[in-house]
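Novice: Pasting a structure here, questions to come.
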Amino acid sequence: MAHRRMVNPKITDTDMFLDLPLSSQALYFHLNTHADDDGFIDNINTIKRMVGASTDDEKLLIAKQFIIQFEDKGIVVIKDWRIHNYIRKDRYTPTIHNDIASRLTVDSNGSYQMKNDSTLDVTGSSQPVVNQLATKGIPVVDAGKDRLGKDRLGKTNTMSSSNEHDVSLSSSTKKLLEKINELSGRKFRLTDSAKRLVKPRLADYSLEELLDMLDYKWNDWADWDGRYKAFQPETLFRAKNTDKYIASMQAKPIKSESDSDDWLAQITEAADNA
């Protein structure tokens, strides 16, 4: 079954990564593409042959700590896998390499680290740290903590209760409706139906991500005549739409309307001065 993989520019836009040879960068991207849902790869030699990468490229990724190698098993894991990828529970398949996973822990930034004598197993059990599943379907260090630690820029899940009258849900829904009204000039009100729409989205995404998504779609639809009509909760918070919008937002930066106007002004000024 096909699966979607994401790459976080917080890792790939760093000087350390961009200073790597292009062949090493390409190998890293392909390893991300072929990894299982916990970031493990057990056929790195095959992938190297597929993309024309060398053993030196692999060694460089290991030396720079972009991947962690288990020499006795012939397996590697993407160190920052949890920062790159958030996988929903209904799409998540745990790694088959549990014996390898038990050697890892997860730091406060969401990166894998090899366990050592000074590493505290916060799970309090002998089970692999990366196999402790949150209710939303990703490996976590400790149930009840932030889903992704700092790999979501410190954002936390705003859902604290299944009750639609929960204060957190009401507050988050109100903020989202206020953002829609601010951008579109409409006057959506906080209602139970609005909370029912927002509630499952807050189970998958942080409030900050949803607010960013609203900014993104308002600007993305700037040239569409149907923008005003479509920019409403029933469209924006439909499950398949929200997933698609956020994936698109993460793949390319938000371009505001003011940026577009500035660009046009620069072109016009250049033409006038020609």
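The values are calculated or read from the model by the stated rules, or taken from the named source; none is laboratory data. The structure presented is a predicted model; accordingly, all values stated were derived computationally and were not measured. Counting neighbours? That spans all protein chains shown, and the Cβs are built from the backbone with ideal geometry, glycine included. Heavy atoms of the whole protein, side chains included, go into the accessibility calculation; ligands, DNA and RNA do not. Shrake-Rupley method; radii C 1.70, N 1.55, O 1.52, S 1.80 Å.
Novice: With the checklist (1) under 16 Å from the mean Cα position of the chain (by Cα); (2) at pLDDT 90 or above; (3) hydrophobic (A, V, I, L, M, F, W, C) in hand, flag the one item Trp221 doesn't pass.
Specialist: The failed condition is (1).
Novice: Would you mention how many residues in region 237-259 are under 16 Å from Leu211 (Cβ atoms), assigned to a helix (DSSP H, G or I) and at pLDDT below 80?
Specialist: 0
Novice: Could you please let me know if Asp215 is in a helix (DSSP H, G or I) and among the acidic types (Asp, Glu)? Show your work before the answer.
Specialist: Details: in a helix (DSSP H, G or I): yes; among the acidic types (Asp, Glu): yes.
Yes; evaluated as a whole, the condition is true for this residue.
Novice: How about region 168-185: which of its residues are open to solvent by 60 Å² or more (accessible area, probe 1.4 Å) and of a type in the set (Lys, Arg)?
Specialist: Result: Lys174, Lys175.
Novice: Quick check: anything in region 1-10 outside any loop (DSSP other than H, G, I, E, B) and at pLDDT below 90?
Specialist: yes
Novice: Is it true that Ala26 is open to solvent by less than 60 Å² (accessible area, probe 1.4 Å) and not in a helix (DSSP H, G or I)?
Specialist: Criteria not met by Ala26.
Novice: Quick one: is Glu208 exposed (fewer than 14 other Cβ atoms within 10 Å of the Cβ), modelled with pLDDT of 90 or more and not hydrophobic (A, V, I, L, M, F, W, C)? Give the steps one after another, and end with the answer.
Specialist: Values: exposed (fewer than 14 other Cβ atoms within 10 Å of the Cβ): no; modelled with pLDDT of 90 or more: yes; not hydrophobic (A, V, I, L, M, F, W, C): yes.
In short, no.
Novice: Next up: Are any residues in region 56-66 out of contact with any strand residue (DSSP E or B) (no Cβ under 8 Å at 6 or more places or on another chain), outside any helix (DSSP H, G or I) and either surrounded by 15 or more Cβ atoms within 10 Å (Cβ to Cβ) or hydroxyl-bearing (Ser, Thr, Tyr) (or both), and if so, which ones?
Specialist: Lys64
Novice: Still on this structure, please answer the following. Against the condition at pLDDT 85 or above and open to solvent by 10 Å² or more (accessible area, probe 1.4 Å), how does Ile78 come out, does it pass?
Specialist: no
Novice: Further question on the same structure: Read through the list (1) in contact with a helix residue (DSSP H, G or I) (Cβ under 7 Å, 6 or more places away or on another chain); (2) assigned to a helix (DSSP H, G or I); (3) modelled with pLDDT of 90 or more, then give the number of the only condition that Gln69 fails.
Specialist: (2)
Novice: For Asp151, all conditions in the list (1) in a loop (DSSP other than H, G, I, E, B); (2) at pLDDT below 90; (3) not polar (S, T, N, Q) hold save one; what is the number of the exception?
Specialist: (1)
Novice: Mind listing just one residue for me: the one in region 29-42 that is open to solvent by 60 Å² or more (accessible area, probe 1.4 Å) and not hydrophobic (A, V, I, L, M, F, W, C) and, of those, nearest to His97 (Cα to Cα)?
Specialist: In this case the residue turns out to be Asp42.
Novice: Now, a different point. Residues in region 260-274: is at least one out of contact with any helix residue (DSSP H, G or I) (no Cβ under 6 Å at 6 or more places or on another chain), at pLDDT below 90 and not in a helix (DSSP H, G or I)?
Specialist: Among the residues of region 260-274, at least one is out of contact with any helix residue (DSSP H, G or I) (no Cβ under 6 Å at 6 or more places or on another chain), at pLDDT below 90 and not in a helix (DSSP H, G or I), which makes the answer yes.
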